[in-house]
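Enquirer: Right, I'll just put the structure down here and ask away after.
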Amino acid sequence: MRTYFTVVLLFFTISLRAQDTLRLTIRQADSIFLQKNLDILAEKYQIDISKSQEIQDKLWANPTLSLELSAYNHSRGAFDVGRQGQKAVTIQQLITTAGKRNKRVALDMESTRKTEYQFYDLIRTLKFELREMFFETYYLSQTIALYDTQIATLNTTVTAFDKEYNRQNISLKEVVRLKALLFQLTNDRANIVFELSDNQRDLRTLLNTELPVKPVVDSTDISRYQLRNYDLTLLRDRAILSRSDLKVAESATKQAELNYTLQKSLAVPDLQIGGVYDQASNYVNNYFGLNLAMDLPFFNRNQGNIRAAKSNITYFKTAETAKQNSINNEVNAALQKVFVAEKAYKGVESEFSNQFKLLSKGFYDNFQKRNITLLEFIDFIETYNESIKEFNRLQADRIKVYEELNFVVGEELFN
């Protein structure tokens, strides 16, 4: 699978250098995003860091070696460490008690699991942004194409009217009014281009590319956004099972519980066990002995940390419950948005855009033939452009609310 994606990406890279535009379907954009997005690549290292901490805490403590040498003997001189001199060697090993080592490892493993959930939640969030920008960019491009056509046609009309004005067949007022309409359309187009430029910036960042992105959308990309048999209860249940940010909250609670267990075990003193060799300073020469050391838990029994860890459990359980309530409300709100957007979309006739285009062409022809007045022509053009622009925005908003439902449920509901 990785080889396949690599070949696909290489193909895109080669083709894009030729045309300096990244033409992508939504599936292709998803694939490139998962492989090249820098935020995702960076977050992967956090998982590696967490796993490294697991490895570290599984290791045993190193033994401690101590060496004592005679610095000066008044009868033998300095550094009397020979066969008749003095030297002592001690070696000690820390032995942890109450399962502290295993408890630390268990806490580290849960920390790694939490980091992985955070990684998945980052993907969920960024993918929602990607798809929102992708379809919004597509429909903004459609609107700009409309304005380009209108401006080109109106330029031709203004040129023709200039000639008629020079022949004194029409008044200056009509020419100026047409030029004002042309200026308005050009200014409106510029505002849309500004919005499109912001989207392009975000898309290039998400896809880690310097090339402009041209979304390619067909009817199947649009038709898959249907609610089907999903109801509020089902979607809430799926969200509780799937949401990665909820799993982060659940993992935080689990970590708090594991930390509480660890803090209680830290109240049990560890042991230091070792051996000692003393050549000449003990009650006999060449003395060999064993030693054992431990703290006496008279004053510090880790009371404060145990109490804090117990309070942390309550805190994170409360936060987990709050997150569950928030998710339920988010699903409810997103589902309502889908109902509203779908109703608005279906309320517009399916032939809305095509009928307007046909009517627009007839209006230009009739205006040039002087069958309709200048005011009627201008009113129609303004109404037509605004209607098509809002219709494109409605289509983009419709897909956005479906993707928002994907986002709040934490699943791909509309594949």
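Enquirer: Per residue of the range 215-225, in order, report the coupling 6.51 cos²θ - 1.76 cosθ + 1.60 (Karplus, θ = phi - 60°) as ³J(HN,Hα) in whole Hz, putting x for Gly and Pro.
Expert: Once θ is set to phi - 60°, the couplings for the range 215-225 become x, 10, 10, 10, 5, 5, 5, 7, 5, 6, 7 Hz.
Enquirer: Just the number, please: carbon plus sulfur as a percent of the accessible area of the chain, 1.4 Å probe, no ligands or DNA/RNA counted. Kindly include the intermediate steps, with their values, before the conclusion.
Expert: Details: 13220 of 24320 Å².
That share works out to 54 percent.
Enquirer: In the structure shown, do any of 100/264; 44/323; 247/310; 114/247; 254/310; 103/247 have a Cα-Cα gap over 19 Å, and if so which? Please report the intermediate quantities before stating the final value.
Expert: Working: 100/264 9 Å; 44/323 25 Å; 247/310 21 Å; 114/247 8 Å; 254/310 12 Å; 103/247 21 Å.
Pairs exceeding the cut-off: 44/323; 247/310; 103/247.
Enquirer: Still on this model: Give me the log10 of I(q) over I(0) for the range 271-349 at q = 0.23, 0.24, 0.27 Å⁻¹, as the Debye formula computes it from C-alpha points; what are the numbers?
Expert: -1.04, -1.07, -1.13
Enquirer: Give me the tail of P(r) for the range 209-317 as a percent: Cα-Cα pairs with distance above 16 Å. Walk me through the numbers on the way to the answer.
Expert: On the way: 4674 of 5886 pairs.
Of all Cα-Cα distances in the range 209-317, 79 percent exceed 16 Å.
Enquirer: While we're looking at this one, here's another question. Just need log10 I(q)/I(0) for the chain at q = 0.06, 0.07 Å⁻¹, Debye formula, equal scatterers on the alpha-carbon atoms, no solvent, rounded to two decimals.
Expert: Here the Debye-derived log intensity ratios amount to -0.51, -0.61.
Enquirer: If one puts a single equal scatterer on every Cα of the range 27-156 and applies the Debye formula without solvent, what log₁₀ I(q)/I(0) results at q = 0.16, 0.17, 0.18, 0.22 Å⁻¹?
Expert: Values, matching the q order: -0.94, -0.98, -1.02, -1.19.
Enquirer: Something else about it: For the range 253-297, take the convex hull of the Cα atoms, compute a quarter of its surface area, and give me that in nm², please.
Expert: The number I arrive at for the range 253-297 is 4.4 nm².
Enquirer: Further question on the same structure: Please express the Cα-Cα pair-distance distribution P(r) of the range 114-262 as a list of whole percents, one per 5 Å bin, running from 0 to the bin with the greatest distance.
Expert: Pairs per bin, as whole percents: 2, 7, 10, 11, 11, 10, 10, 8, 7, 6, 5, 3, 3, 2, 2, 1, 1, 0, 0, 0.
Enquirer: Explain nothing, just compute: Karplus ³J(HN,Hα) = 6.51 cos²θ - 1.76 cosθ + 1.60, θ = phi - 60°, for every residue of the range 93-98 in order, whole Hz, x for Gly and Pro.
Expert: 10, 7, 10, 6, 10, 6
Enquirer: Suppose only helical runs count, i.e. DSSP H with n ≥ 4. What mean residue ellipticity at 222 nm does that imply for the chain under -39500 (n - 2.57) per run, divided by all residues and rounded to the nearest 500 deg cm²/dmol?
Expert: Working: 11 runs with 289 residues, N = 415.
Using -39500 (n - 2.57) per qualifying helix, the result is -25000 deg cm²/dmol.
The values are calculated or read from the model by the stated rules, or taken from the named source; none is laboratory data. Values in this document were obtained by computation on a predicted structure and should not be read as measured data. Surface accessibility is based on the protein's heavy atoms, side chains included, excluding ligands, DNA and RNA. Shrake-Rupley method; radii C 1.70, N 1.55, O 1.52, S 1.80 Å.
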